[in-house]
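A.B. asks: Quick one: this structure, given as structure tokens, is what I'll be asking you about.
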Amino acid sequence: MAEVEKFDVKKSREKAKEKRTFKQWINESLVPGMAKVGNQRHLAAIRDSFGTMIPLIIAGSIGILINAIIFGGAGSGYVSILGLICKAANPDVSWDGVTALLADTGNGWGQASKIGGLAFGHINTVTVGMMAVYFAFLFGYFIALSRQFKAPIIAGFVSLSAFLLACMGEITFFMGAVGLIQAIIFGLLATEFFIYLSGVRALNIKLPDGVPPAVGKSFAVFLPVVITLGAVGAVNVIFLSMAIVGGGLICK
């Protein structure tokens, strides 16, 4: 029994040592490593961009709730305040009939539902529905801030312009969450290329001292903006050429 007890104590000490070693590894290796990854320039810009958009996302969600709960939008029908009022005013109509009344704009109930849906439902359209557009600007802006670039707002506009240019006319399709990947790719490439070109002295245009500072900063990066967007346009030419020429070679 003494030997068994001695063995158990030794084993427990080994387990405690292993636990301390694992905890040490987490504190000394894993946590600092994850912090370093989280503070990486581009990942931090993505984090800050989404963090800045949180009020817009919440506002868009509230707009959907108001549309559904109060005005019976999004197919909620009678499960809404307007549906309950409609049922109280028309007790002989079934619940499915109430939903049909709210969906039919030929009557007052349907018109009230549509007006409320347009008024509050579009809150989601201009917030969550345009998430990629807002993100494209903020992404370039925060990348420029992390690099201590002198004109971060212009960098944000370059990122946004590159994203919209890369959509090649399909802006409506790429405005929402669908376009986030494209906004990240073109925002990152365009912003970094623009900041690099802005550091080339030969491309900087210096105006006289009497010019307002905002105008002077804009003209100082005029050529880098043109070259960056021209590069995105060149990429579009490549893809469009492949699509048009390739499609023309197919014989039906």
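The values are calculated or read from the model by the stated rules, or taken from the named source; none is laboratory data. None of the values given here were measured: they were computed from a predicted structure. Methodologically, a virtual Cβ is constructed for each residue, glycine included, from the backbone with ideal geometry; neighbour enumeration extends over all protein chains shown. Areas reflect the complete protein model, heavy atoms only, side chains present, ligands, DNA and RNA absent. Shrake-Rupley method; radii C 1.70, N 1.55, O 1.52, S 1.80 Å.
A.B. asks: Using R₀ = 35 Å, calculate the FRET efficiency as 1/(1 + (r/R₀)^6) where r is the Cβ-Cβ separation of Gln182 and Ala88; round to 0.05.
C.D. replies: Between Gln182 and Ala88 the formula returns 0.10.
A.B. asks: Just grab the label-to-label distance for Leu43 and Asp96, each label 7 Å out from Cα along the Cβ direction, in nm (one decimal).
C.D. replies: It works out to 5.4 nm between the two label points.
A.B. asks: When the accessible area of the stretch 140-252 is split by element with a 1.4 Å probe, what percent falls to carbon and sulfur?
C.D. replies: Details: 5030 of 6790 Å².
Within the stretch 140-252, the accessible surface is 74 percent carbon and sulfur.
A.B. asks: If you take the beta carbon distance between Asn204 and Ala231 as r and set R0 to 25 Å, what does 1/(1 + (r/R0)^6) give as a FRET efficiency, to the nearest 0.05? Walk me through the numbers before you get to the answer.
C.D. replies: Details: r = 18 Å, r/R0 = 0.73.
Efficiency at R0 = 25 Å is approximately 0.85.
A.B. asks: Taking the simple approach of a point 7 Å from Cα along Cα-to-Cβ for both Ala59 and Asn107, what is their distance in nm?
C.D. replies: 3.6
A.B. asks: Also: Pull out the extension gain between Ile153 and Ala243, defined as 0.36 nm times the separation in residues minus the alpha carbon to alpha carbon distance; nm, one decimal.
C.D. replies: Values: separation 90, 0.36 × 90 = 32.40 nm, distance 3.46 nm.
That works out to 28.9 nm of additional length.
A.B. asks: How much accessible area per residue does the stretch 176-252 have, counting only protein heavy atoms and a probe of 1.4 Å, in square angstrom?
C.D. replies: It amounts to 65 Å² per residue over the stretch 176-252.
A.B. asks: On average, how much accessible surface per residue is there in the stretch 36-81, in Å², for a 1.4 Å probe, leaving out ligands, DNA and RNA?
C.D. replies: Value for the stretch 36-81: 56 Å² per residue.
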